[in-house]
Amino acid sequence: MAKRSDTLETVLLAVELLRRIPRGRKVTASELHRQLKDAGIDRDLRTIQRQLEMLSEHFEIERDDRSKPYGYRWLEQAKSLAVPNLTPQESLLLQLAEEHLRNLLPTRLMKSMEGFFSQARRNLGPDSSARLEREWPGKVRVVATSQPLLPPKIVPGVFEIVSESLYSNRWLHLDYRNSGGKQGKVEVMPLGLAQQGPRLYLVCRYRGYDNERSLALHRILSAEMSTLTFDRPKEFDLKKYDDDGRFGFGEGEKVQLTFRIERNAGFHLLESPLSSDQQVVELNDGRLEITASVIDSAMLEWWLRGFGDAIEVVRRRSIVSVKP
């Protein structure tokens, strides 16, 4: 049985290596060793080197041994092999994923995918025959809904440690400076990561507390991942945390808001309502009177103030939720 298990492990390792050896550029045994480790496949470097030597003898893989470390790549004329090849559609999906998920996945998982991202970029490069897939990224764009801002600088290494602790359910030791300039060391339970415009926020609980807070990653001066793990609170729901307006600096209090707004300023609310129960009345003076149930928050206040004299808040009434 042990022999069969060892054979299976060897085959699986060979398949993983074949998937990660690129075309058009060389990759070293050390790079592949790191990619596999980031993907949770822990093998020593010498084992990886032996496998690469064997694969280069039996597959159309070039081994550049002119200098160390040796480089490996698929030959340009290599016959198609299902394992290393990405279709143009898969390449397009990976290219878009790399661009938009960079800050929403643990760093080590992104690194473990580097071989696939490299293949995708090459497959959609200027010499590619996949013209339609190559053109698509230039046809779509996520646009800002407010004045674009550059992302604040995050201390090198902080995102990697925070995302890894979040992924592994490990306690975090942080040196944090809040918006008021107060600095201190805290131990937190990482529960979620959110991107709001150009900023990243860590949702967490301080040691000894059962309420959640949002910490801006760019205000973390240093981070250290603990060896201690925790059981993720079953009652915590990141979507509900967002729905309660916590990223808009609210406390989850729902209100029925009624305001009057000049038609030109509020016309977009006829197409994109504030809530599913929004009601609109057209007044004789040409203004719109809008009533909607919304989360009361600082973000709501900023939004209302942005209309200046074009808006008049009529009333704001708290909605008391009745438990069944």
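Go through (1) under 30 Å from GLU187 (Cα atoms); (2) in contact (Cβ under 8 Å) with a residue 40 or more places away in the chain one by one and return the number of the condition PHE259 breaks.
Checking PHE259 against (1) under 30 Å from GLU187 (Cα atoms); (2) in contact (Cβ under 8 Å) with a residue 40 or more places away in the chain, the one that fails is (1).
Is there any pair linking a residue in the stretch 152-173 that is outside any helix (DSSP H, G or I) to one that is among the aromatic types (Phe, Trp, Tyr), with Cβ under 9 Å and at least six apart or on different chains, and which?
Listed pairs, sorted by first residue: ASN169/PHE230; ARG170/PHE230; TRP171/PHE230.
Being surrounded by 13 or more Cβ atoms within 10 Å (Cβ to Cβ), among the polar types (S, T, N, Q), in contact with a Pro (Cβ under 9 Å, 6 or more places away or on another chain) and under 22 Å from THR107 (Cα atoms) is true for just one of SER165, SER222, SER214. Which residue is that? Explain how you work it out, then say what you get.
On the way: SER222 fails: in contact with a Pro (Cβ under 9 Å, 6 or more places away or on another chain); SER214 fails: in contact with a Pro (Cβ under 9 Å, 6 or more places away or on another chain).
Step by step, each of SER165, SER222, SER214 is checked, and only SER165 is surrounded by 13 or more Cβ atoms within 10 Å (Cβ to Cβ), among the polar types (S, T, N, Q), in contact with a Pro (Cβ under 9 Å, 6 or more places away or on another chain) and under 22 Å from THR107 (Cα atoms).
Working only within the stretch 187-200, note down all residues that are out of contact with any Cys (no Cβ under 9 Å at 6 or more places or on another chain) and either of a type in the set (A, V, I, L, M, F, W, C) or more than 19 Å from PRO233 (Cα to Cα) (or both). If you could, list the steps in order and put the result at the bottom.
From the stretch 187-200, those out of contact with any Cys (no Cβ under 9 Å at 6 or more places or on another chain) are 187, 193-200; that's our starting set.
Of everything in the stretch 187-200, those that are out of contact with any Cys (no Cβ under 9 Å at 6 or more places or on another chain) and either of a type in the set (A, V, I, L, M, F, W, C) or more than 19 Å from PRO233 (Cα to Cα) (or both) turn out to be LEU193, ALA194, GLN195, GLN196, GLY197, PRO198, ARG199, LEU200.
So, of the residues in the stretch 112-139 that are over 19 Å from the mean Cα position of the chain (by Cα) and in a loop (DSSP other than H, G, I, E, B), which turns out to be farthest from ALA29 (Cα to Cα)?
LYS139
Among residues belonging to the stretch 2-38 that are of a type in the set (Val, Ile, Thr) and in contact with a helix residue (DSSP H, G or I) (Cβ under 8 Å, 6 or more places away or on another chain), point out the one that is modelled with the highest pLDDT. Walk me through how you get there before you give the answer.
Looking only at the stretch 2-38, we keep the residues that are of a type in the set (Val, Ile, Thr), and these are 7, 10-11, 15, 21, 27-28.
Next, from what is left, pick out any that are in contact with a helix residue (DSSP H, G or I) (Cβ under 8 Å, 6 or more places away or on another chain): 10, 21, 27.
Numbers: THR10: 77, ILE21: 86, VAL27: 90.
Residue satisfying both the conditions and the ranking: VAL27.
Where the second residue is of a type outside the set (Asp, Glu) and exposed (fewer than 15 other Cβ atoms within 10 Å of the Cβ) and the first is within 17 Å of ASN123 (Cβ to Cβ) and lies in the stretch 11-29, which pairs have Cβ atoms under 7 Å and are six or more apart or on separate chains?
LEU18/VAL83; ARG19/VAL83
What pairs come up if the first residue lies in the stretch 31-45 and is surrounded by fewer than 16 Cβ atoms within 10 Å (Cβ to Cβ), the second is at pLDDT 90 or above and hydroxyl-bearing (Ser, Thr, Tyr), and their beta carbons are under 7 Å apart, counting only those six or more places apart or on different chains?
Pairs that qualify, where the first residue is surrounded by fewer than 16 Cβ atoms within 10 Å (Cβ to Cβ) and the partner is at pLDDT 90 or above and hydroxyl-bearing (Ser, Thr, Tyr), are LEU45/SER30.
Only residues that are among the hydroxyl-bearing types (Ser, Thr, Tyr), over 14 Å from the mean Cα position of the chain (by Cα) and either within 14 Å of VAL162 (Cα to Cα) or surrounded by 13 or more Cβ atoms within 10 Å (Cβ to Cβ) (or both): list them for the stretch 192-211, please.
Filtering the stretch 192-211 down to residues among the hydroxyl-bearing types (Ser, Thr, Tyr) leaves 201, 206, 209.
If we keep only those that are over 14 Å from the mean Cα position of the chain (by Cα) as well, we get 206, 209.
Answer for the stretch 192-211, where residues must be among the hydroxyl-bearing types (Ser, Thr, Tyr), over 14 Å from the mean Cα position of the chain (by Cα) and either within 14 Å of VAL162 (Cα to Cα) or surrounded by 13 or more Cβ atoms within 10 Å (Cβ to Cβ) (or both): just TYR206.
How many residues, within the stretch 123-162, are acidic (Asp, Glu), exposed (fewer than 10 other Cβ atoms within 10 Å of the Cβ) and modelled with pLDDT of 85 or more? Step through it out loud before you land on a result.
Taking the stretch 123-162 first, the residues acidic (Asp, Glu) are 127, 133, 135, 160.
Remaining after also requiring exposed (fewer than 10 other Cβ atoms within 10 Å of the Cβ): 127.
If we keep only those that are modelled with pLDDT of 85 or more too, we end up with none.
Here the count works out to 0.
Here are some conditions: (1) farther than 30 Å from GLN278 by Cβ; (2) at pLDDT below 95. GLY252 meets all but one. Which one does it not meet?
Of (1) farther than 30 Å from GLN278 by Cβ; (2) at pLDDT below 95, only one is false for GLY252: (1).
Please go through (1) over 22 Å from HIS218 (Cα atoms); (2) under 17 Å from the mean Cα position of the chain (by Cα) for GLY157 and return the number of the only condition it doesn't satisfy.
So GLY157 meets the others, but not (1).
Restricting the stretch 236-278 to residues that are charged (D, E, K, R) and assigned to a strand (DSSP E or B), which is surrounded by the fewest Cβ atoms within 10 Å (Cβ to Cβ)?
Step one: of the stretch 236-278, the residues charged (D, E, K, R) are 237, 239-240, 242-244, 246, 251, 253-254, 260, 262-263, 271, 277.
With assigned to a strand (DSSP E or B) added as a condition, the list becomes 251, 253-254, 260.
Working: GLU251: 10, GLU253: 14, LYS254: 17, ARG260: 17.
Ranking the qualifying residues of the stretch 236-278, first place goes to GLU251.
Scan the stretch 187-214 residue by residue and report those that are out of contact with any helix residue (DSSP H, G or I) (no Cβ under 9 Å at 6 or more places or on another chain) and within 25 Å of ALA144 (Cβ to Cβ).
GLN195, GLY197, PRO198
Test GLY180 against the criterion of being exposed (fewer than 13 other Cβ atoms within 10 Å of the Cβ), out of contact with any Gly (no Cβ under 9 Å at 6 or more places or on another chain) and in a strand (DSSP E or B), and give yes or no. Give the derivation first.
Numbers: exposed (fewer than 13 other Cβ atoms within 10 Å of the Cβ): yes; out of contact with any Gly (no Cβ under 9 Å at 6 or more places or on another chain): yes; in a strand (DSSP E or B): no.
Answer is no for this residue.
The values are calculated or read from the model by the stated rules, or taken from the named source; none is laboratory data. In this text the structure is predicted, and so the values were computed from the model without any measurement. Note: ideal-geometry Cβ built from the backbone for every residue, glycine included; neighbour counts use all protein chains shown.
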